[in-house]
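Novice: Encoded as structure tokens, here's the structure I'll be asking about.
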2 protein chains.
Amino acid sequence: MSLENQELRKAGLKVTLPRVKIYQILEKAGEGDHFSAEDIYKLLMELGEDVGLATVYRVLTQFEAAGLVSRHHFEGGHSVFELARDEDHDHIVCVKCGKVREFVDNQLIQRQNEIAKELGFTITDRTLYLYGLCTEGCEKK
Amino acid sequence: MSLENQELRKAGLKVTLPRVKIYQILEKAGEGDHFSAEDIYKLLMELGEDVGLATVYRVLTQFEAAGLVSRHHFEGGHSVFELARDEDHDHIVCVKCGKVREFVDNQLIQRQNEIAKELGFTITDRTLYLYGLCTEGCEKK
DNA sequence: GTTTTTGCAAACCTTTTGCATTGGT
DNA sequence: ACCAATGCAAAAGGTTTGCAAAAAC
């Protein structure tokens, strides 16, 4: 049995065509690739798969609940998804070409924890998005 | 002429009743208060002002363009606004009671700048939202 | 009086939901 | 066979837009 099927089962999800296909798309993506539901829907169409947009949303939401993917709210009104990896990471997004770089920085995390403590909060989640211009290799769209 | 009227003129916006009223609402808010368009619309209704929701959106968008307010995308699908103050600040939001605390931390900012530099980016904007539970005085809704 | 702004309603866009049908085990 | 998952279309929620009427200047 394939690897992705095991992942799905582990998450308590039946192995269905839409779920497998969507998982494969996410899996194939490189680091920094983030897909909207619409993106995935279009990719499925190109592959000739007959999957409804509603199903894409449902599957992504299930994947998120199962911890398989993370959802991000970048600026611009819609959510994007990526396969959850071991380590939490933050994002820097080029506002011109849309390129996304990811990074992990313990100094930032620690300082955030300190601040939360000072303010009397217990952190459950955090989102840091940096926006800017990538100074080299920016394929300005 | 009143102070808020000057602010509006300075921003190149004509002094109209909706704009003044909305500016006043934002001005009266305490630190940590953030309003959605709907919030402001309801407040206007309570004040007996006959302002349409579409106008609230338009005015807030204009205020944002003029740099008078900042728009934030907290989790939950809708935007919230606050009067722009001199200093940029980050937010920590209680996921139970919705309370928002603001903070400014140069250590965080500097580290973010370093990271951006390492990755070859010039930062134009950033958003850090911490989510958690306020351990004291949480009016759990 | 001219131009900008407003209110209303309709459109829009992303996401969710209801329900009959299909598909996995 | 059974129950879960899907497709479709319709609804929902937040936001934007077209346009005639009203308000600024």
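The values are calculated or read from the model by the stated rules, or taken from the named source; none is laboratory data. Computed from a prediction, not measured in an experiment: that's the story for all the values here. Every residue, glycine as well, gets a Cβ built from its backbone with ideal geometry; the counts of neighbours run over all protein chains shown. Side chains are part of the model used for accessible areas, which takes the heavy atoms of the whole protein and leaves out ligands, DNA and RNA. Shrake-Rupley method; radii C 1.70, N 1.55, O 1.52, S 1.80 Å.
Novice: List the distances, in nm to one decimal, from the label point of B:Gln107 to the label points of the same position in every other copy, shortest first, placing each label point 7 Å from Cα along the Cα-to-Cβ direction.
Specialist: Result, one decimal in nm: 1.1.
Novice: Please identify, among B:Leu43, B:Leu26, B:Leu119, the residue showing maximal mean-square fluctuation in a Gaussian network model of chain B using a 10 angstrom Cα cutoff.
Specialist: B:Leu119
Novice: How large is the charge dipole for the protein assembly as shown, taken about the Cα centre, if only the Cβ atoms of Lys, Arg (+1) and Asp, Glu (-1) carry charge, to the nearest 20 debye? List each step's numbers first, then the result.
Specialist: Details: 36 positive and 48 negative charges, 116 e Å.
For this selection, approximately 560 debye.
Novice: Continuing with the same structure: Provide, in order from the shortest bin, the percent of all Cα-Cα pairs of chain B in each 5 Å bin, continuing until the bin that contains the maximum pair distance.
Specialist: That works out to 2, 8, 17, 18, 18, 15, 11, 7, 3, 1, 0, in percent per bin.
Novice: Using the alpha-carbon atoms, what tilt in degrees (0 to 90, nearest 10) does helix B:17-28 show relative to the longest principal axis of chain B?
Specialist: 40
Novice: A follow-up question, please. Between A:Leu44, A:Leu128, A:Leu60, where does the largest GNM mean-square fluctuation fall for chain A, given springs only between Cα atoms within less than 10 Å?
Specialist: Result for chain A, Cα springs under 10 Å: A:Leu128 fluctuates most.
Novice: Given the C-alpha centroids of region B:57-83 and region A:34-95, what is the distance between them in whole angstrom?
Specialist: 26
Novice: Place +1 on the Cβ of every Lys and Arg and -1 on the Cβ of every Asp and Glu in chain B, take the dipole about the Cα centre, and give the residue among B:Ala37, B:Ile109, B:Val95 whose Cα lies farthest towards its positive end.
Specialist: After comparing all options, I get B:Ala37.
Novice: In degrees from 0 to 90, rounded to the nearest 10, what is the angle of the helix B:37-46 Cα long axis to the longest principal axis of chain B?
Specialist: Value to nearest ten degrees: 40.
Novice: Moving on to the next point. Tell me, what is a quarter of the convex hull surface for the C-alpha atoms of the protein assembly as shown, in nm² with one decimal?
Specialist: Its Cα hull, projected and averaged over all orientations, spans 18.6 nm².
Novice: If you take the beta carbon distance between B:Val104 and B:Asp33 as r and set R0 to 22 Å, what does 1/(1 + (r/R0)^6) give as a FRET efficiency, to the nearest 0.05? It would help to have the intermediate numbers written out before the result.
Specialist: Numbers: r = 17 Å, r/R0 = 0.78.
Plugging the Cβ-Cβ distance into 1/(1 + (r/R0)^6) gives 0.80.
Novice: Could you check the spin-label model distance between A:Leu119 and A:Val95? Points 7 Å from the Cα along Cα→Cβ, value in nm.
Specialist: 2.3
Novice: Using the 7 Å Cα-to-Cβ label point, sort the distances from A:Arg71 to its equivalents in the other copies shortest first and give them in nm to one decimal.
Specialist: 2.1
Novice: Considering amide H positions built from the backbone, and no H for Pro or chain starts, which residues 5 or more places from A:Thr124, or on another chain, come under 5 Å of its amide H?
Specialist: Amide H neighbours of A:Thr124: B:Tyr131, B:Gly132, B:Leu133.
Novice: Right, next: Taking only Cα atoms and a 10 Å spring cutoff, compute GNM fluctuations for chain B and point out the largest among B:Ala37, B:Ala54, B:Ala116.
Specialist: B:Ala116
Novice: Could you run the Karplus curve 6.51 cos²θ - 1.76 cosθ + 1.60 with θ = phi - 60° over region B:49-58 and give me ³J(HN,Hα) per residue in whole Hz, x for Gly and Pro?
Specialist: Working through the residues one at a time gives 7, 9, 10, x, 4, 4, 5, 4, 4, 4 Hz.
Novice: Let me ask something additional. Taking θ = phi - 60°, what integer Hz values does the Karplus form 6.51 cos²θ - 1.76 cosθ + 1.60 yield along region B:93-110, in sequence order, with x for Gly and Pro?
Specialist: Taking θ as phi minus 60°, the curve returns 10, 7, 6, 8, 9, x, 4, 10, 10, 10, 8, 10, 9, 5, 4, 4, 4, 4 Hz for region B:93-110.
Novice: Moving to a separate point now. Ordered by residue, what ³J(HN,Hα) values in Hz, to whole numbers, does region A:72-85 give under the Karplus form 6.51 cos²θ - 1.76 cosθ + 1.60, where θ = phi - 60° and Gly and Pro are x?
Specialist: Those phi angles translate into 10, 10, 6, 4, x, x, 10, 8, 10, 10, 8, 4, 6, 9 Hz.
Novice: By Cβ position, which chain A residue lies least far from the axis that rotates chain A onto chain B, and what is the distance to the nearest whole angstrom?
Specialist: Rotation axis A onto B, closest Cβ, rounded to whole Å: A:Leu128, 2.
Novice: Report, to the nearest whole %, how much of the accessible area of the protein assembly as shown belongs to carbon and sulfur atoms, 1.4 Å probe, protein only. Show your work: numbers first, answer last.
Specialist: Numbers: 7480 of 15890 Å².
That share works out to 47 percent.
Novice: How many Å² of accessible area per residue for the protein assembly as shown, probe 1.4 Å?
Specialist: Numbers: 15890 Å² over 282 residues.
Result: 56 Å² of accessible area for each residue.
Novice: Can you give the Rg to Rh ratio for region A:90-132, taking only C-alpha atoms and Rh from Kirkwood? Mind showing how you got there, number by number?
Specialist: Values: Rg = 12.8 Å, Rh = 11.7 Å.
Using only Cα positions, Rg/Rh for region A:90-132 is 1.10.
Novice: Also, I was wondering about something else. Considering only DSSP beta bridges with both partners in chain B, what is the antiparallel share in %, to the nearest 5?
Specialist: Numbers: 9 of 13 bridges.
Given both bridge residues lie in chain B, the antiparallel proportion sits at roughly 70 percent.
Novice: Still on this structure, I have one more. Between B:Arg85 and B:Ala65, what is the label-to-label distance in nm when each label sits 7 Å out along the Cα-to-Cβ direction?
Specialist: Taking the two extended label points, one gets 2.7 nm.
Novice: Further question on the same structure: Tell me which GluC sites (Glu not before Pro) from region B:50-141 have a DSSP coil assignment and no more than 10 other beta carbons within 10 Å of their own. List each step's numbers first, then the result.
Specialist: Working: sites: B:Glu64, B:Glu75, B:Glu82, B:Glu87, B:Glu102, B:Glu114, B:Glu118, B:Glu136, B:Glu139; in loops: B:Glu75, B:Glu87, B:Glu136, B:Glu139.
Here the GluC sites (Glu not before Pro) that fit, given the DSSP loop and packing criteria, are B:Glu87, B:Glu136, B:Glu139.
Novice: Moving on. In nm to one decimal, list the spacings between the A:Glu38 label point and its equivalents in the other copies, with label points set 7 Å along Cα to Cβ, shortest first.
Specialist: 2.3
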